[in-house]
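Novice: Quick one: structure below, then a few questions.
Bear in mind these aren't lab numbers, they're just calculated from the coordinates by the rules spelled out. Keep in mind it's a predicted model, so treat the numbers as computed, not measured. Heads up, the Cβs are rebuilt from the backbone with ideal geometry, glycines too, and the neighbour counts pull from every protein chain shown.
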Amino acid sequence: MRSRVRPSDELRALAAAQAGVVSADQTIFLRLPRDSRRRLLDDGEWRLLTRGVYYLGLGTPTWMAHAWAGVLVGGVDARLGFAAAGHLWGLVADPPTEIPVLVPATRQVAARECWTFPRERRGVRSAKSPGLPPRTTVADTVVDLSDVDDESGLVDLVTRAVQSRLVGVPELRQVVRSRRRLRHRQRLLALLGDVGEGAESALELRYLTDVERAHGLPQGVRQRRSRSGTEVRDVLYEQQGTIVELDGAVHAMSCVRDKRRDNRALLDGQVSLRYGWADVTGSPCHVAWQVAAILVSRGWTGFPVRCRRCANTPDAALRFV
């Protein structure tokens, strides 16, 4: 009677590094006999996650285990893409229920269970597949996910990618220009230009486009350090000594910090205005005219213009809310 062969330490370490999964090919390479695999399945120590992939972990397989399984099914040079890569890079909040695994164009892998296997032509994306499990680069992932009609979603995607410090505007711009087929190329390039000017969040971009530009306000300087060097101003209208701070979230400690910052600005002879997401996205025209009123009172010789939202709104209704 042959003695039972247990999985080697090397095989168990490999499974641990792959969220608890290994492929049949990997078990063969690490010299685990087929009858031993069958016995481990029959005894309930292993489970078949999908054809050719085993789960060695305890409990319900995680999303990461399924992500790894998809890469193993895809074979050599397979990598996660689109929403799956976006989730791993922190650009997509929820893990996708359908996991796209990119495979070389010369290979055809049929979709199964929760996996799809779109083929990619060489040269469309970077050949680099960083991370474990392997995935498309941040820049390629952002561009792949940019094919959406939701303007706010696109703004959030691009600003989140840049804020993550994992990719810069020049690299994103280069990828956009290198794609032969790209639905929103001009919109992406314009958005990257705005981010390159210093707008670091979705809220700051909405202020730039929907408040400042849409109403003909002077162009503010973004992310300028205060004279003391201790604070960074979101938007500074230098000639008028006016600061606009854009707050994405408010809580008790930030309120205390903001008051101290505003007080220091007053000591420097500057006035500070503060707006949140609801102000900028819900009432951009009122924000624009309020900022304009302060700028005029502090020396701006221009006058705000009407955008399509406020084209027919009486002046009195726009001055202060």
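Novice: Enumerate the calculated ³J(HN,Hα) couplings along region 26-33 in order (Karplus 6.51 cos²θ - 1.76 cosθ + 1.60, θ = phi - 60°), each rounded to whole Hz, writing x wherever the residue is Gly or Pro.
Specialist: Each residue's phi maps through the Karplus curve to give 5, 5, 5, 4, 8, 6, 9, x Hz.
Novice: Could you tell me which residue out of GLY193, GLN239, GLY299 lies farthest along the dipole of the chain toward its positive end? Charges go on the beta carbon: Lys and Arg +1, Asp and Glu -1, centred on the Cα centre.
Specialist: Selected residue: GLY193.
Novice: Let me check the size of region 141-196 from its C-alpha atoms; what are the radius of gyration and Dmax in Å?
Specialist: When restricted to the Cα atoms of region 141-196, Rg and Dmax are 10.0, 27 Å.
Novice: Semi-axes, largest first, in whole Å: what does sqrt of 5 times each Cα gyration tensor eigenvalue give for region 150-230?
Specialist: Semi-axes (√(5λ), whole Å): 24, 16, 11.
Novice: How much length, in nm to one decimal, is gained on full extension between GLN108 and ALA293, taken as 0.36 nm per residue of separation minus their Cα-Cα distance?
Specialist: Using 0.36 nm per residue and subtracting the Cα-Cα distance, I get 60.3 nm.
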